[in-house]
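Quick note: the coordinates plus some simple rules give every number you see, no bench work behind them. Just so you know, these numbers come straight off a predicted model, no measurement behind them. For neighbour counting, all protein chains shown are included, and Cβ atoms are generated from backbone atoms with ideal geometry for every residue, glycine included.
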Amino acid sequence: MEEIWGAKFGNMVNKAKPYVLTLGLQFGMAGTYIFTMASLNHGMSRLVFIVYRNAIAALALAPFALFFERKVRPKMTFSVFAQILALGFLEPVVDQGFTFLGMQYTSASFTSAIMNAVPSVTFVLALILRLERVNIKELRSQAKVAGTLVTFAGALLMTLYKGPQIHLFHHPNTTHHQDGSHSPQSHTHWLTGTLFICLGCLAWSSFYILQSITVKRYPAELSLSSLICLMGALQSAVVALIADHNPRTWAIGLDYRLYGPLYTGIMSSGIAYYIQGLVMQSRGPVFVTSFNPLCMIIVTALGSFLLGEYLYLGSIIGGIIIAVGLYSVVWGKGKDHEDHTLPSTTTIKETEIQQLPIIIPNGK
């Protein structure tokens, strides 16, 4: 009897593990937006921020990778190394570069809301690359397609409609944010910032897809994560040196110029990569990215309370629409996963077609 209960408890833990890890990851990722925005507001160069963030992440992960994966680390090949270079360029350089630039034009809460489109973009890319199966006659496939369309509609609404301002908490910086917020120049910056965030969103989704392929060929999550961060730091350093020749931009102090890269490096570019890899081995990239609405809610509250950020009615409505769309997508993916756990009704070949590859984020 004890063995039966032990087996049932172990099965419950295994089923809950992906959800617990992913939920915890969203709370950690919410802090990334807050620390990043605070660092940029304190005058830190976004390019230098990216370099420090990924360098810290690589240094934090390397000791664990060397110790825990010393016996299981596969041999490095040229094709895997090329994919790691591409991953380092997609996420740290392109995604973080454009996302942070868009964040400077808009706000942390708006950026986190737009980035909720990542699961839908990931689903579309996976569909194009035939990594995701869709049968329009099935309810789960209809849910995934409908959820993707609804998500895009929410992101489009947030881009085109702002509406009146809404303040959740009083903050000394709120008055400053209000000044000129409805000017033509501000509106132009808002649209430009949204475009940059969307480019970052596309790069992040591409990162998820490529990472899912790479980790199958190099199944050492810690080592792969540290290598991605290292390559990202080196490539972003080249970009930063070319774009800005002022050595003062590299200076840091005991303020957000240090706290920001330190937190985001360890949490978002280090721990996040590893947790995402663990979850994606069993659930795929769409499952992990589908929990982003929780991060949006946390960032919205913290951004208003700590940074004095203002919200627009259009952002709130669009965020709710995006959350509904993402719920539809994750429901469809959940049904896919249930079928994968039933070998009597799903052949090995069908499983390989239906489930997205394993990967390691991003995250942000």
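Points to keep in mind about this one:
- Restraint check, K75/K333; K75/K335; K216/K333; K162/K335; K15/K137, Cα-Cα greater than 31 Å: K75/K333; K75/K335; K162/K335
- Cα-projected label distance for L23 with L160, points at 7 Å along beta-carbon direction, nm: 3.7 nm
- Annotation: peptides 238-245, 201-208, 138-145, 276-283, ranked by per-residue average of other Cβ atoms within 10 Å with the highest first, follow the order 201-208, 276-283, 138-145, 238-245.
- The packing ranking of peptides 33-39, 260-266, highest mean first, is 33-39, 260-266, where packing means the average number of other beta carbon atoms within 10 angstrom of each residue.
- Nearest-0.05 FRET efficiency for V324 and N246, computed from C-beta distance (R0 56 Å): 0.75
- Cα convex hull of the stretch 26-124 - mean projected area over all directions, nm²: 8.1 nm²
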